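The values are calculated or read from the model by the stated rules, or taken from the named source; none is laboratory data. These numbers were taken from a predicted model, which means no experiment stands behind them. Reconstructed Cβ throughout: ideal geometry from the backbone, glycine too, with neighbour counts over all protein chains shown.
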Amino acid sequence: MKAWLILADGTIFEGTSIGATGKTIGETVFTTGMTGYLETLTDPSYFGQIVTQTFPLIGNYGDIPMDYESKKCWVRGYIVRELCDLPSNFRCGGTLSDFLKNQNIVGICRIDTRALTKRLRESGVMNGMIISGVESCPAVTEALLKEIKAYRIEQAVESVQQNSVGGVTGVSPVERVATNEVGAQGESSPSKSIVLWDFGAKANIQRELEKRGCHVTVVPCTATANEILALNPDGLMLSNGPGDPADNVQIIEELKKICDAGTLPIFGICLGHQMLALARGCKTSKLKYGHRGGNHPCKDTETGRVYITSQNHGYAVENTSIPAYAKMSFFNVNDGTVEGITYTDIPAFSVQFHPEACGGPHDTNFLFDRFIELMNRSKQ
């Protein structure tokens, strides 16, 4: 069955339908990951987006539910060059094609993903529409392009009262299988109580904390500063999530209150990093085409060491907005954007990349240990 991708600039790609049939509109982005497509599809940070995989063959190890980062698929659409329908893996529970159908995700394959990626890289991310289940591509009229351009991520939220974070929180990480592993520091029972503020958290954030002997309490994005502080945690984890960080006005206000208290150790990842920065007086702005994939080099400003990181974001903290009571701890080697901030007046730090990085790389996994150390120092 044929399918078409129509970009907001009028460009048309003809291919073959995969997944569900129908029509979908979303912000069209690309990710450079060679593996980890299941983690990508189930990452709430991709909420409202049509995701293009730049690696040419996707689906070769099939559908493996144990690798999901949340309970469902969050993308609006999916684009691949070639979809493998004969996967080979001892954990395989089905094909990626069946997974997309079961999740009602409209997708397209057998298009020139290299040409699409180059267009998005040069023009910047733009909205797109995938259409399948019809005999021919509809005429690209001004009305159709207006419909595509008018789409906003918030339209993917069922309730008009919510923004993109509200559309995913409380769903992604609440049902976890507790790990039986002994923590990295040798604990056989929980030694730290962590509140994970869920803005669309990936499951592996909680797993990494539990591996280190932490007891994790997940609270939704609607939680208040008083509710979080009343739990008397040893530390606060700010999760990843979708959308424009500046849209989350109420969360940022509550986060300001926690920062003003100045006693609770904080670790922020991705969207959590951005909202912590906004709460501390920084500014954020949208990148031309974002950072998505598992091969982004980031440099530690203290040691000079470069780490390869996993990333998924379309916004970044502006370099010139970092206040005097904070310092940039990591920067992106490719474009110089802020990748990490350490605050000197409160026990808090954050990173733009994903140290939990499921399915990899794991170069910056040590940041969870740094969070444990920060909590230990804070108690002393």
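Some observations on this one:
- When we screen Thr11, Thr16, Thr54 for residues that are polar (S, T, N, Q) and under 23 Å from the mean Cα position of the chain (by Cα), the only hit is Thr54.
- Of all residues in the stretch 92-143 being at pLDDT 95 or above, in a loop (DSSP other than H, G, I, E, B) and β-branched (Val, Ile, Thr), the one that is nearest to the chain's Cα centre (by Cα): Ile105
- The one condition from (1) surrounded by fewer than 21 Cβ atoms within 10 Å (Cβ to Cβ); (2) over 16 Å from the mean Cα position of the chain (by Cα) that Ala3 does not meet is (1).
- Residues that are within 19 Å of Asn295 (Cα to Cα), among the hydroxyl-bearing types (Ser, Thr, Tyr) and outside any strand (DSSP E or B), drawn from the stretch 312-342: Thr337
- The lone criterion from (1) without any contact (Cβ under 8 Å) to a residue 12 or more places away in the chain; (2) under 17 Å from Ser321 (Cα atoms); (3) not charged (D, E, K, R) left unmet by Val249 is number (2).
- Of all the numbered requirements in (1) touching a residue at least 40 places away in the same chain (Cβ under 8 Å); (2) surrounded by fewer than 24 Cβ atoms within 10 Å (Cβ to Cβ), Trp197 misses one, and that requirement is (2).
- Any hit, the stretch 93-106, residues being of a type in the set (Gly, Ala, Ser), closer than 20 Å to Phe30 by Cα and buried (at least 21 other Cβ atoms within 10 Å of the Cβ): no
- Cβ-Cβ contacts under 6 Å between residues 6 or more apart (or on different chains), taken from a first residue in the stretch 18-42 that is closer than 17 Å to Leu7 by Cα to a second residue that is assigned to a loop (DSSP other than H, G, I, E, B) and among the aromatic types (Phe, Trp, Tyr), are listed as Ile25/Tyr151.
- Test for Asn332: is it in contact with a strand residue (DSSP E or B) (Cβ under 8 Å, 6 or more places away or on another chain), modelled with pLDDT under 95 and farther than 30 Å from Lys379 by Cβ: no
- Of all the residues in the stretch 18-32, those that are buried (at least 21 other Cβ atoms within 10 Å of the Cβ) and in contact with a Ser or Thr (Cβ under 8 Å, 6 or more places away or on another chain) number 6.
- Scanning the stretch 32-48 for residues that are touching a helix residue (DSSP H, G or I) at 6+ places or on another chain (Cβ under 9 Å) and farther than 15 Å from Gly128 by Cβ yields a total of 11.
- Subset of the stretch 233-245 that is among the small types (Gly, Ala, Ser) and under 16 Å from the mean Cα position of the chain (by Cα) - its residue that is surrounded by the most Cβ atoms within 10 Å (Cβ to Cβ): Gly241
- Residue within the stretch 42-55 that is modelled with pLDDT of 95 or more and among the charged types (D, E, K, R) present: no
- Filter pass, Gly77 being at pLDDT 90 or above, closer than 14 Å to Gly48 by Cα and not assigned by TED's automatic domain parsing to the domain that holds Leu209: yes
- Meets criteria (in the same structural domain as Thr28 (by TED's automatic domain parsing) and in contact with a Leu (Cβ under 9 Å, 6 or more places away or on another chain)) for Leu96: yes
- Here Val80 fits the description: among the β-branched types (Val, Ile, Thr) and in contact (Cβ under 8 Å) with a residue 60 or more places away in the chain.
- Cβ-Cβ under 6 Å pairs, at least 6 apart or on other chains, the stretch 123-151 side assigned by TED's automatic domain parsing to the domain that holds Ile108, far side of a type in the set (Lys, Arg) and assigned to a strand (DSSP E or B): Gly124/Lys288; Ile131/Lys23
- When the stretch 201-229 is filtered for residues that are in a loop (DSSP other than H, G, I, E, B) and either small (Gly, Ala, Ser) or surrounded by fewer than 18 Cβ atoms within 10 Å (Cβ to Cβ) (or both), the ones remaining, listed by number, are Ala201, Gly213, Pro220, Thr222, Ala223, Thr224.
- Residue match in the stretch 59-76 (condition: more than 22 Å from Ala203 (Cα to Cα) and either polar (S, T, N, Q) or surrounded by fewer than 22 Cβ atoms within 10 Å (Cβ to Cβ) (or both)): yes
- Among the residues of the stretch 348-379, those identified as within 18 Å of Cys214 (Cα to Cα) and part of a loop (DSSP other than H, G, I, E, B) are Pro355, Glu356, Asn365.
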